[in-house]
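Okay, so here's the structure we're looking at.
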Amino acid sequence: MIQSQGEDWRLYRQGPTHDYLGYAMLATLVLLALFMAIRGRIKVEHGMSGIKIKRFSTLERMSHWLMALSFIILGISGLNVTFGRSLILPLVGKDFLGPMSGYLKAAHNYTAFAFMLGLAIAFVLWVVHNIPDRTDLNWLAKGGGLLSKSSHPPAKKFNAGQKVIFWGVMVLGLSLSVSGWALLFPFEHSLFSDTFALFSYVGIDVAHILGLPEAPYSAIQEQQLNSAWHGIIAVVMICLIFAHIYIGTIGMEGAFDAMGSGEVDLNWAREHHSIWVDEVMSEKTDPADAAVAAPAE
């Protein structure tokens, strides 16, 4: 009848989780604002050429937007679980927050499957382009040209920064999906007990390092750990996506076109992904076939 860990979990949710995760998101937004104020918008150095080159196919853009839009819904509905009572309740009252939270919970549960589908499709489409190589070392050494107004280092279809985003989204997204699945179908999994047992085989006592009770855990403890882990990973991913949204919209001129129309200006492509442009051009018998003449917007 009494499970003392329940009170510990409640205090954790209302204390460290609520505070530190909120601070992490605010700090990310502040850092991006400072970066914008100091660096300014990254312009196309040679100006728009008026010539477009195909960057992403319809399928690639569909998978991106499926993943992106579903994540936005998941983020809003998930943050309501953590911050709704303290931030939204005083503004709208319980008569509004209660039904709203119910609808958001339902949206969260069903949208999760769309996110997992988008994640899987994106992995299949882009994993071959996101394998690290020597060009990434040069890109990282020069800060990708983001920290100064000097020329951008050569890059293939995805530069080192985009590869970090890709692998971050894939690893964090997989972790979110696994822990979320365990929350959708409760009391059927022992993910933490099994994971900690696996680490113990190589001499790593994860439970002790994290200050947790020794495994194995009861079904309710597994759910509590899943809930805490799911929230932490979600906020880490939200902070990562903040940076991704910034650089893909207001942070860099011409970047949004890649996932908007699927075509980017040729000068933009040459400045940010010169190796990729050369590869695309070399595949065409006539270089003009690789680009579509169109007035720059």
Worksheet entry | Size of segment 58-112 as Cα extents on the principal axes (Å, biggest first) | 44, 17, 14
Fill in: Candidate lysines for bridging to Lys156, where Cα separation is under 27 Å - those fewer than 8 sequence places away on the same chain excluded
Lys43, Lys52, Lys54, Lys142, Lys284
Worksheet item: So for the pair Phe96, Ile76, with labels modelled 7 Å out along Cα→Cβ, what separation do we get in nm?
Response: 1.5
Discussion item. Using only the alpha-carbon atoms, how far is helix 160-184 inclined from the longest principal axis of the chain? Give it as 0 to 90 degrees, nearest 10.
Written reply: 30
Worksheet item: When Ser179, Ser218, Ser282 are ordered from fewest to most other Cβ atoms inside 10 Å of their Cβ, what list results?
Response: Ser282, Ser218, Ser179
Discussion item. Order these by the 10 Å Cβ neighbour count, fewest first: Leu29, Leu66.
Written reply: Leu29, Leu66
Response to the item:
Answer in debye to the nearest 20: the dipole magnitude of the chain about its Cα centre, from +1 Lys/Arg and -1 Asp/Glu charges placed on Cβ, is 580
Worksheet item: Based on the Cβ-Cβ distance from Leu174 to Ser57, what FRET efficiency comes out when R0 is 25 Å, to the nearest 0.05?
Response: 0.55
Practice prompt. For each of Arg85, Arg10, count neighbouring Cβ atoms within 10 Å of the residue's Cβ, then give the residues from fewest to most.
Written response: Arg10, Arg85
Practice prompt. Name the residue farthest towards the positive end of the dipole of segment 109-266 from the options Cys239, Gly143, Ser177, assuming +1 on Cβ of Lys and Arg, -1 on Cβ of Asp and Glu, about the Cα centre.
Written response: Gly143
Worksheet item: Which value, to two decimals, describes the C-alpha radius of gyration of the chain once divided by 2.2 N^0.38 Å?
Response: 1.17
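Read-outs: derived from the displayed coordinates by stated rules, not from any lab. Since the structure is predicted, the reported quantities are computational estimates derived from the model, not experimental observations. Glycine also receives a Cβ, built like all others from the backbone with ideal geometry; neighbour counts cover every protein chain displayed.
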